[in-house]
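Following: one structure in structure tokens, then a few remarks.
The values are calculated or read from the model by the stated rules, or taken from the named source; none is laboratory data. Since the model is a prediction, treat every value here as computed from it, not as a measurement. Using ideal geometry, Cβ is built from the backbone for each residue, glycine included, and neighbour counts are taken over all protein chains shown.
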Amino acid sequence: MDRLKEYEISEFLWDCEDLEYGEERLRRVEEAVEAADFYQNAELQFQARLKLIDASTFTGFIEKAIVAFSWCVALSDKEPDVYPSIALLWSYKWINLNMIQFSSISRERINATMKDFQKRYEAQGVSLRPVHCQHVRNHIALSADEERVRKALNDFVQSPRDRYSDCAACEQNFLVSVCLFQKDFEKAKRYAAPIFNGTQSCAEVPHITYAIMTLPSFFEGELELAERYATQATRLCMGNRDFLEELSDVMAYRIATGKRDAALEIYKQCYRWDLETRMDWRQLKFCVSAALLFETFDPSDLLTLNFPKDGEMYNARGEYQAQELVDFYTKKSQCIEKRFDERNGNAIVSKGRQSFREAIRSAR
């Protein structure tokens, strides 16, 4: 393919906005970044990378967003009058949201990034609502400290909404997730109501909300609700690698309810995404559910899968015994759990995943 002409790049990027989030949109934005770099046009490089942050975030390649964002921050700090920091505030939320899902990113770096995040919001005189929102998420993910969660949540609620706040649907979904962390299922249902009745929606909501409400509904005995949520989550999330975590939860639900074929269908959609993503929290969620799935087969049952040739599971026949898959996903998930526990300085991840395994096994 011929390289874009310099004068074509801006319009090309705008045309990308008409595409659905997915690998084609990401490929085209990366083409624009490559062209802007070739011409060494800093304005186009900055513009293209902002679009790359957006496209890669919502296509499941967060690591690309982090690299592009770091480039933009460096240029903004070097030439703040030309590339103002305020242009990065919206993207900064996505970066912080996803950083905690990489075990390789230390708590020290996360804390330093949060300080910089807050400093940039304060410098622009905008609401700190997104900062407090991320503090809640960090406390849940890094320590599960309920008191810190409550304090940060109160700060979030007390801060006004402005143009740099998340959309109303994302904030509502956030509140649902906090209620589920606090094990307040009835409150979670109330917060989810405007999402499920169609009043609030966006690119990722209700997709995520249906998924995160599925298993809690099942374990609360709301079986019809759980089935409805699982069906909707599958319909909305299948085909987009950005929803690997959500589909992993739906797969676990199908295992818990004895619907192995439905779980296997989700697995076959997602197993290559697990191998391709560098976000190991998503890998962990998938691997735990995958191991639970293959536990339901006889150990010697053969399954046909197309693992990539450069991966450790590849064999020329493309056939794998169920026990071989159980062992692979169990080992992988335990290694990831260990990395998160070491990063967090506690055992909340490994204990949480073990409790999850036991709950699904008991249900099935």
For the range 28-39, does any single residue satisfy the condition of being buried (at least 23 other Cβ atoms within 10 Å of the Cβ), charged (D, E, K, R) and within 22 Å of Arg3 (Cβ to Cβ)?
no
When the residues of the range 127-141 are filtered to those that are over 20 Å from Asp77 (Cβ atoms) and of a type in the set (Val, Ile, Thr), which remaining residue is surrounded by the fewest Cβ atoms within 10 Å (Cβ to Cβ)?
Ile140
Do the conditions hold for Val250, that is, is it at pLDDT 95 or above and within 21 Å of the chain's Cα centre (by Cα)?
yes
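Given the residues Glu30, Glu34, which is the only one that is modelled with pLDDT of 95 or more, among the acidic types (Asp, Glu) and touching a helix residue (DSSP H, G or I) at 6+ places or on another chain (Cβ under 8 Å)? Outline the logic, then answer.
Working: Glu34 fails: touching a helix residue (DSSP H, G or I) at 6+ places or on another chain (Cβ under 8 Å).
Result of the check over Glu30, Glu34: Glu30.
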In the range 189-244, what count of residues is obtained for those that are small (Gly, Ala, Ser), crowded, with 22+ Cβ neighbours inside 10 Å and either modelled with pLDDT under 95 or under 14 Å from the mean Cα position of the chain (by Cα) (or both)?
1
So, of the residues in the range 68-113 that are over 20 Å from Arg163 (Cα atoms) and of a type in the set (Ser, Thr, Tyr), which turns out to be surrounded by the most Cβ atoms within 10 Å (Cβ to Cβ)?
Ser103
Among (1) more than 24 Å from Glu358 (Cα to Cα); (2) touching a Ser or Thr at 6+ places or on another chain (Cβ under 8 Å); (3) not aliphatic (A, V, I, L, M), the one test that Ser248 misses:
(1)
The lone condition Gln124 fails out of (1) touching a helix residue (DSSP H, G or I) at 6+ places or on another chain (Cβ under 6 Å); (2) buried (at least 18 other Cβ atoms within 10 Å of the Cβ) is (2)
Considering only helices (runs of 4 or more DSSP H) fully contained in the range 244-330, which possess at least 1 residues that are free of Cβ contacts under 8 Å to residues at least 12 places away in the same chain?
260-276
